[in-house]
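Computed from the coordinates by the stated procedures, all read-outs in this text should not be read as laboratory data. All figures in this text were calculated on a predicted structure; none of them were measured in a lab. FYI the Cβ positions are ideal-geometry reconstructions off the backbone, even for glycines, and counts take in every protein chain you see.
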Amino acid sequence: MKRLALITIAILCVTATYAQKSKKTSTAAVVAPKTVTEITSYALGVNMLSGLKQNAEQYGIKLDWKWVIKGLKEASEDKSQFNETQLRDAFAMLDSLVKENNKEKAKVQKDFLTENAKKEGIVVTPSGLQYKVIRMGNGAKPTADDKVKVQYEGKTIDGKVFDSSYQRGEPITFPLSNVIKGWVEGIQLMPVGSKFMFYIPSELAYGEQGAGGGAIEPNSTLIFEVELLEINPKEDEHADEHGKTDQPRIRF
């Protein structure tokens, strides 16, 4: 976690200075990059600042973009107001903020699971995985070595959908051993034809790292509705010429 926080600040300190131009008044003429240097510099600036914004949102860090832009400009001119000691202190402050935010988020997630476990029909396994049977099938159960074909929808505890094969209009096929622990354990409980709801603690999902470029924040409990359609299905029309089947857009 600390390394990620330091990377975020490092981006702030070394990014190109394109953003300073964006602070000019809206009445100024928009100047588009034309030369190779201008185009690549602009693209680099957009990419880095987009990443910085995404990381800040992901870790719950509030940034003052006026000072971000000022820092970019002064760093590009080797005129930083901070010496090495002050920069280290800033990094430490950021690291503390990230840890505090994660601690608060972890409590929210834990409280959710505690209350959810009390609901009718919820089963809690020794690992902490929670599930509810929506429909019990009568087919075979997969092992961790099998490929499975499923329909699913994943969301966070606030109801935000981050991935859905239903929305894409087609199921996916993948090796069960390639997914998060909560899926590996949970899907092995499902006979073919079943539909389960899984409530997966962060330690059985993506933990402190999160996933999906910010779609799944660190320490997130995830809720999945999953239908198990087939075990070791034949390669279907969605396989490419090399026989490779679909993979989840967010790797589990």
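Here, region 117-231 has an Rg and a Dmax of 13.3, 38 Å when only alpha carbons are counted. Extension gain, Lys118 to Glu208, is 29.8 nm, computed as 0.36 nm per intervening residue step minus the present C-alpha separation. Placing +1 on each Lys and Arg Cβ and -1 on each Asp and Glu Cβ, with no other charges, gives region 117-231 a dipole about its Cα centre of roughly 300 debye.
Of the residues Val123, Trp65, Leu97, the one whose Cα sits farthest towards the positive end of the charge dipole of region 52-165 is Val123 (charges of +1 on Lys and Arg Cβ, -1 on Asp and Glu Cβ, taken about the Cα centre). Take the Cβ atoms of Asn47 and Ile157, set R0 to 35 Å, and the FRET efficiency comes out at 0.65. FRET efficiency for the Asn83 to Lys110 pair, using the beta carbon distance and R₀ = 35 Å, is estimated at 0.30.
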